[in-house]
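A quick write-up on the structure given underneath.
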Amino acid sequence: MKKKVTMKKSRMSKKVFQVFFSRIFLLYLLCGGLATIVDWGVYSIGIYIIKINYVYSVTFSFLLGSITNFSLNKYLNFKNKYKKLHYQFLVYLIIAIPGLLLTILLMWMMIDVLLMNLFLSRIITTGVVLIYNYLGHRYLTFNILR
């Protein structure tokens with residue numbers, strides 16, 4: 001019985017390792033890194049230069065970062081050939097919007113409750129939401145719609 005449980009754990013560990021240490025995940029990080037530069041840049045302009053509320057700034061930066069991330073991952077990483085771009089981007093947004101809501105919730109907790117720095121809270125939140133976004137987009141947006 002113990003051997004069977006150990007074998008299941010071993011297979012699951014191997015599968016998790018394959019997902020997060022694959023070429024696709026590393027390229028996702030690279031594409032996501034470029035999209036994050038866009039996202040954080042727009043966010044910074046919003047909060048520090050235009051001086052709008054962080055919720056509005058993160059929402060707008062999310063949209064521009066999402067367009068960047070979608071485009072880079074569709075064509076460079078997943079090499080996805082699905083032709084109905086508008087439909088696929090809608091699926092992308094359906095997966096990404098809960099990530100945005102989680103981002104806003106976490107940032108609210110860090111900024112308004114814990115009184116953390118605006119940009120530090122954005123960095124931490126990006127790391128937390130990254131895993132959710134990767135799994136959703138890898139297995140749904142760019143896998144189902146081929």
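Summary table below
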item: Conditions (1) within 25 Å of N143 (Cα to Cα); (2) touching a residue at least 40 places away in the same chain (Cβ under 8 Å); (3) of a type in the set (S, T, Y): number failed by Y43; result: (1)
item: In the stretch 88-131, residue surrounded by the fewest Cβ atoms within 10 Å (Cβ to Cβ) [restricted to those that are more than 13 Å from Y54 (Cα to Cα) and among the small types (G, A, S)]; result: G127
item: Breaking point among (1) free of Cβ contacts under 8 Å to residues at least 60 places away in the same chain; (2) basic (K, R); (3) under 16 Å from F25 (Cα atoms), for K83; result: (3)
item: Residue match in the stretch 89-100 (condition: in contact with a Pro (Cβ under 8 Å, 6 or more places away or on another chain), over 17 Å from L30 (Cβ atoms) and touching a residue at least 24 places away in the same chain (Cβ under 8 Å)); result: no
item: Conditions (1) touching a residue at least 60 places away in the same chain (Cβ under 8 Å); (2) within 19 Å of S121 (Cβ to Cβ): number failed by V38; result: (1)
item: Restricting the stretch 49-87 to residues that are aromatic (F, W, Y) and surrounded by fewer than 14 Cβ atoms within 10 Å (Cβ to Cβ), the residue that is modelled with the highest pLDDT; result: Y56
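The values are calculated or read from the model by the stated rules, or taken from the named source; none is laboratory data. Fair warning: this is a prediction, and the values are worked out from it, not measured in the lab. Neighbour counts are summed over all protein chains in view; Cβ atoms, including those assigned to glycine, are modelled from backbone coordinates with ideal geometry.
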